[in-house]
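**Student:** The structure under discussion is supplied below as structure tokens; questions concerning it will follow.
The values are calculated or read from the model by the stated rules, or taken from the named source; none is laboratory data. Every value quoted in this text rests on a predicted model; they were computed, and no experiment measured them. Note that each Cβ is placed from the backbone with ideal geometry, even for glycine, and that neighbours are counted across all protein chains shown.
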Amino acid sequence: MTLPQIQKIWYETNIDGVSIISWSTYFITSCVWLLYGIFHKNIPIIFTNFLWILASGMIVIGILVRGS
């Protein structure tokens, strides 16, 4: 679901049907989990949520850039 959204926003420049609220929530949640992983020194949580932050961040930034 995430990679097709990135493709839709960045390559097709189409943001129809993509929710800024949902993806911002995913981004914030991943940031919290990343902090949890760092605090508990849990490498799988850190790695996974770092990737989620990159992906959801690309989508949020894409929505903001393409939506204006």
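For every residue, the table says whether it meets (1) exposed (fewer than 15 other Cβ atoms within 10 Å of the Cβ); (2) small (Gly, Ala, Ser); (3) under 29 Å from residue 15 (Cβ atoms); (4) within 10 Å of the chain's Cα centre (by Cα).
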position: 28; (1), (2), (3), (4): yes, no, yes, yes
position: 32; (1), (2), (3), (4): yes, no, yes, no
position: 39; (1), (2), (3), (4): yes, no, no, no
position: 42; (1), (2), (3), (4): yes, no, no, no
position: 51; (1), (2), (3), (4): yes, no, yes, yes
position: 55; (1), (2), (3), (4): no, yes, yes, yes
position: 59; (1), (2), (3), (4): no, no, yes, yes
position: 63; (1), (2), (3), (4): no, no, yes, no
position: 67; (1), (2), (3), (4): yes, yes, yes, no
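**Student:** Tell me yes or no: at least one residue of the range 36-46 is among the small types (Gly, Ala, Ser) and at pLDDT 95 or above. Before you say what the answer is, go through the steps one by one.
**Tutor:** Kept after step one, since they are among the small types (Gly, Ala, Ser), are these residues of the range 36-46: 37.
If we keep only those that are at pLDDT 95 or above as well, we get 37.
Yes, because at least one residue in the range 36-46 is among the small types (Gly, Ala, Ser) and at pLDDT 95 or above.
**Student:** Right, something else. Of the residues that sit in the range 11-26 and are within 15 Å of the chain's Cα centre (by Cα) and of a type outside the set (Val, Ile, Thr), which one is surrounded by the most Cβ atoms within 10 Å (Cβ to Cβ)? Step through it out loud before you land on a result.
**Tutor:** Within the range 11-26, the subset within 15 Å of the chain's Cα centre (by Cα) is 15, 18-26.
Now restrict to residues that are of a type outside the set (Val, Ile, Thr): 19, 22-24, 26.
Details: 19: 12, 22: 12, 23: 22, 24: 16, 26: 19.
Filtering first and then ranking leaves 23.
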